1. State which residue pairs qualify: first residue touching a residue at least 24 places away in the same chain (Cβ under 8 Å) and inside segment 40-60, second residue among the aromatic types (F, W, Y) and open to solvent by less than 10 Å² (accessible area, probe 1.4 Å) in any location, beta carbons under 9 Å apart, and separation of 6 or more residues or different chains.
2. Could you say whether any residue in segment 139-152 is aromatic (F, W, Y), buried (at least 18 other Cβ atoms within 10 Å of the Cβ) and at pLDDT 95 or above?
3. Could you run through segment 4-59 and say how many residues are charged (D, E, K, R) and modelled with pLDDT under 95?
4. From I108, I131, grab the single residue that is closer than 23 Å to L15 by Cα, of a type in the set (A, V, I, L, M) and not in a loop (DSSP other than H, G, I, E, B).
5. Residues Y10, Y37: which one is open to solvent by 50 Å² or more (accessible area, probe 1.4 Å), touching a residue at least 40 places away in the same chain (Cβ under 8 Å) and not hydrophobic (A, V, I, L, M, F, W, C)?
6. Only residues that are in contact with a Gly (Cβ under 9 Å, 6 or more places away or on another chain) and either of a type in the set (D, E) or part of a strand (DSSP E or B) (or both): list them for segment 48-73, please.
7. Given the conditions (1) among the polar types (S, T, N, Q); (2) open to solvent by 60 Å² or more (accessible area, probe 1.4 Å); (3) under 13 Å from the mean Cα position of the chain (by Cα), which single one is not true for S76?
Amino acid sequence: MKKLKIEIEYDFCRLDELNEQDRELIECAKAAVKNSYANYSHFHVGAALRLHDGRVVIGANQENAAFPSGLCAERSAIFAAQSHYPEQAIDALAIVAHNEKGFLADPITPCGACRQVMLEMEDRYKQDVRILLYGTSGVYVLQRVKDLLPFAFIDENMRK
């Protein structure tokens, strides 16, 4: 038996260390939190993505009493972008979370379902999607979704 190890690289920085485009994307995600419907968990998530042409599309989590009928903020934004601008690849995606105390100190990461959908966007357009995970203590910056999902399952896997 052989033991293997997976390592990923990501940056951790202050908000003011990001470029203006990335800071604006995080601000759009923070504003999107207001569109969240989290009547049950009181955990509000906002997402904003920047398309290749520069447009920004937002999403917010939507809960439902008939769990799991809701939808996460990330998929909400991605599906809206794909519905309106299917020809546009996603360049970057920012995610923020807010509870009764305010924005979380530590960045949150997407759930498994969101990671798979995000990965599908990289695979579909053959382009990495930059991920910005915001917390008041700092921002995790990942250069591609595959770093969030190292054992990725994509279309190519079904053809081997």
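The values are calculated or read from the model by the stated rules, or taken from the named source; none is laboratory data. A quick note: this is a predicted structure, and the numbers were derived from the prediction, not measured. Cβ coordinates were reconstructed from backbone atoms using ideal geometry, including for glycine residues, and neighbour counts include every protein chain displayed. Heavy atoms of the whole protein, side chains included, go into the accessibility calculation; ligands, DNA and RNA do not. Shrake-Rupley method; radii C 1.70, N 1.55, O 1.52, S 1.80 Å.
1. none
2. Within segment 139-152, one or more residues are aromatic (F, W, Y), buried (at least 18 other Cβ atoms within 10 Å of the Cβ) and at pLDDT 95 or above.
3. 3
4. I131
5. Within the list Y10, Y37, the selection yields Y10.
6. Within segment 48-73, A48, L49, I58, G59, A60, Q62, E63, L71 qualify.
7. (2)
Results for (1) closer than 20 Å to L148 by Cα; (2) touching a residue at least 12 places away in the same chain (Cβ under 8 Å); (3) open to solvent by 40 Å² or more (accessible area, probe 1.4 Å); (4) not acidic (D, E), shown as yes or no for each residue.
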{"site": "P68", "(1), (2), (3), (4)": "no, no, yes, yes"}
{"site": "A80", "(1), (2), (3), (4)": "no, yes, no, yes"}
{"site": "I90", "(1), (2), (3), (4)": "yes, yes, no, yes"}
{"site": "P107", "(1), (2), (3), (4)": "yes, yes, no, yes"}
{"site": "P110", "(1), (2), (3), (4)": "yes, yes, no, yes"}
{"site": "A113", "(1), (2), (3), (4)": "yes, yes, yes, yes"}
{"site": "L119", "(1), (2), (3), (4)": "yes, yes, no, yes"}
